[in-house]
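Scroll down for the structure; my scribbles are underneath it.
What follows is calculated from the coordinates using simple rules that are stated; it is not laboratory data. As the structure is a prediction and not an experimental result, all values here were calculated from the model. As a convention, Cβ positions derive from the backbone with ideal geometry for all residues, glycine included, and neighbour counts pool all protein chains shown.
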Amino acid sequence: MTKEELAARLNGREYLHEMMRIDESDAKASGLVVIFGESDDLMELRGAINDESSCFGGGWATGITSKGILANECDDEDCPYFAALMDACKDKITALWYKEGYSWVYETDMPHASFDIMDDGRKYCRGIVVELPKP
């Protein structure tokens with residue numbers, strides 16, 4: 001399955017019903033990561049990675065690696081070593097809160113396909129599907 005095929009399948013789904021088990025299974029088998037927002041503070045990652053990250057208010061970026069989300073191993077939130085890793089990371093996903101009529105929009109330089117999640121007929125999230133980088 002390609003990222004475009006999976007994004008087309010997910011397009012128009014309702015908030016809190018974004019993915020079914022078969023979607024997650026197909027994404028995992030294809031090396032795809034589906035990224036979408038939940039609530040006002042979560043970035044959900046499903047498929048080849050099954051995780052979530054806090055991103056309250058947006059403006060938060062993560063590095064996606066073949067092993068998962070780039071994690072800060074320092075006790076200091078402003079760790080200069082982690083900041084250097086993030087700066088060097090080419091696979092960043094940025095969560096943007098309240099942009100273009102959506103609660104959540106995701107931006108990346110990675111090749112991706114977009115899809116819309118709806119909430120009672122209104123745009124809620126513009127999610128993305130990316131291919132997991134090869135090791």
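Using θ = phi - 60° and the Karplus form 6.51 cos²θ - 1.76 cosθ + 1.60, what ³J(HN,Hα) does each residue of the stretch 36-50 get, whole Hz, x for Gly and Pro?
These are the phi-based 3J(HN,Hα) values: 8, x, 9, 6, 10, 8, 10, 9, 8, 10, 9, x, 5, 10, 10 Hz.
What FRET efficiency would be calculated for the residue pair Cys74, Leu42, taking the C-beta separation as r and a Förster radius of 22 Å, to the nearest 0.05? Display every interim value, and only then the final one.
On the way: r = 22 Å, r/R0 = 1.02.
Computed FRET efficiency for Cys74 and Leu42: 0.45.
In debye, nearest 20: dipole of the chain around its Cα centre with unit charges on the Cβ of K, R (+) and D, E (-)?
Details: 14 positive and 27 negative charges, 118 e Å.
Taking the Cα centre of the chain as origin, the dipole is about 560 debye.
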